[in-house]
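Down below is the structure, laid out as structure tokens.
The values are calculated or read from the model by the stated rules, or taken from the named source; none is laboratory data. Keep in mind it's a predicted model, so treat the numbers as computed, not measured. For neighbour counting, all protein chains shown are included, and Cβ atoms are generated from backbone atoms with ideal geometry for every residue, glycine included. Heads up: the accessible areas ignore ligands, DNA and RNA and are worked out on the full protein's heavy atoms, side chains in. Shrake-Rupley method; radii C 1.70, N 1.55, O 1.52, S 1.80 Å.
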Amino acid sequence: MDAAENQFMMFKDAGLLQELVEESTSAKSIFNACDCEPISNYCEINGDVAVQGNSSTISMVSLRTGIPAGEISWTVKPYVRKENAAAMDLVKSWAVTSMEFLHCDLIQTVPAILFSLGGFSGNHFHDFSDLVIPLYITSRQFNGEVQFVVTDNRHWWISKFRGILAKLSRYNIVDIDQERKTHCYPSMIVGLKYHHELGIDQSMSQLSMKDFRQFLRRTYSLKRAKAIEIGDDARKMPRLLIITRRKSRSFTNIDKITRVASSLGYNVVTMEPNISTSLGSVAETVNSCDVLMGTHGAGLTNMVFLPDNAIVIQIVPLGSIDELAKQDFEQPAMDMELRYLEYKIKAKESSLISKYKADHLIIKDPLSVQKQGWDPVRSVYLDKQNVKLDVKRFRPTLLKALQLLHQ
């Protein structure tokens with residue numbers, strides 16, 4: 001071994017890449033290995049890796065299999081939703097290459113996970129669905145002995161989720177885009193594993209959403225593991241948390257909703273989470289409640305902090321977004337061992353009725369708007385609609401939640 005080779009650690013276990021090379025000495029087989037996840041850009045490199053932030057390059061030692069150094073060449077954007085052009089436009093590309101030798105300025109002794117904080121980060125739903133849960137799935141196997149290497153860094157995002165990040169890794173986070181030195185690792189995962197919206201598929205992992213929610217309770221020292229059981233004790237008042245919104249899909253008669261809920265025996269709490277509210281504070285408030293209700297939107301993501309057997313009530317606005325409502329919150333709620341209720345508003349409960357006549361396609365035939373694509377749906381039904389609940393019509397839903405808490 002010459003002096004140059006002493007600058008880096010050679011492979012101890014070629015792992016996945018060695019197995020692939022045994023099947024085929026073509027570089028193409030390795031590219032496929034780094035693109036096998038259906039939704040996320042994801043690649044495992046089980047061998048010495050050098051990461052250069054100034055050139056956005058990930059280099060691996062070329063294996064002694066007849067593949068010349070430099071022949072391996074692959075580009076990856078380390079974020080989920082690889083088929084979503086809007087998300088990918090906000091993610092930096094990284095080149096994966098092979099070299100005969102690695103030059104290392106800093107040699108780390110633990111594996112690394114490189115992922116992007118670009119994409120749709122900043123939306124609370126996507127923060128959890130695209131980043132936090134996938135990072136939990138990907139990193140939990142290391143039991144903290146892994147370093148996070150982030151590209152497209154958002155300092156506010158790191159600050160918001162610092163408690164969670166500290167529980168998943170015992171090491172400082174590397175803002176690789178700002179690094180001039182080359183970092184070397186014994187192995188690296190590029191990208192994050194993603195299963196489905198706000199969830200973990202147990203057929204693909206030994207982890208579950210139950211595990212994730214228990215992890216959150218430990219992280220934020222949340223006191224309640226189970227929702228209230230009223231039974232025959234009429235003195236027990238379940239806490240109802242109403243998630244409010246300011247810009248769109250807001251409740252325009254929140255006071256009336258609160259009065260009706262209170263008259264049924266609920267202790268009503270309202271909350272509008274925003275960037276100035278610490279996640280720990282939000283977690284404590286949500287965990288103290290037994291029922292969470294809100295219009296379809298990112299605020300419902302906070303159901304991850306509810307105690308088991310709590311109830312989620314999703315208010316579905318006008319727009320025929322039933323499938324979206326199911327995918328984003330109904331199915332995830334059930335996976336979290338929560339109980340789910342849904343209330344679909346009528347046209348008279350939508351603020352759109354004051355802008356369009358009852359026979360307008362936007363009111364009478366939302367499906368025709370959907371055929372025009374996602375942008376019109378988002379613009380009309382998600383960005384420009386508020387809700388005035390018919391409390392008489394909504395009252396049975398609140399009663400149903402009470403009945404469930406008696407069981």
For K346, the lysines lying under 24 Å Cα to Cα, once residues fewer than eight places off in the same chain are dropped, come out as K247, K256, K326, K355, K357, K364, K371, K384, K388, K392, K400
The convex hull of the Cα atoms of the chain, divided by residue count, gives a volume in Å³ per residue of 145 Å³
For H406 and E229, extending 7 Å from Cα along the Cα-Cβ vector and measuring point to point gives, in nm, a value of 1.6 nm
Contour minus Cα-Cα span, A347 to D105, at 0.36 nm per residue, comes to 80.8 nm
Placing each pseudo-label 7 Å from Cα in the direction of the beta carbon, S262 and E179 end up separated by a distance in nanometres of 5.5 nm
In whole angstrom, the spacing between the Cα centers of segment 278-322 and segment 109-151 equals 23 Å
Expressed per residue, the solvent accessible area of segment 43-194 in Å² (1.4 Å probe) is about 39 Å²
Here the gain from full extension of R154 to Q206, 0.36 nm per residue of separation minus their alpha-carbon distance, amounts to 15.7 nm
Hits in segment 233-264: amide N under 20 Å from the 7 Å Cα→Cβ extension of Y356, namely 248-252
Taking only Cα atoms of segment 226-406, the Rg to Rh ratio with Kirkwood Rh works out at 0.97
Reported to the nearest 10 Å², T277 has, with a 1.4 Å probe, an accessible area equal to 50 Å²
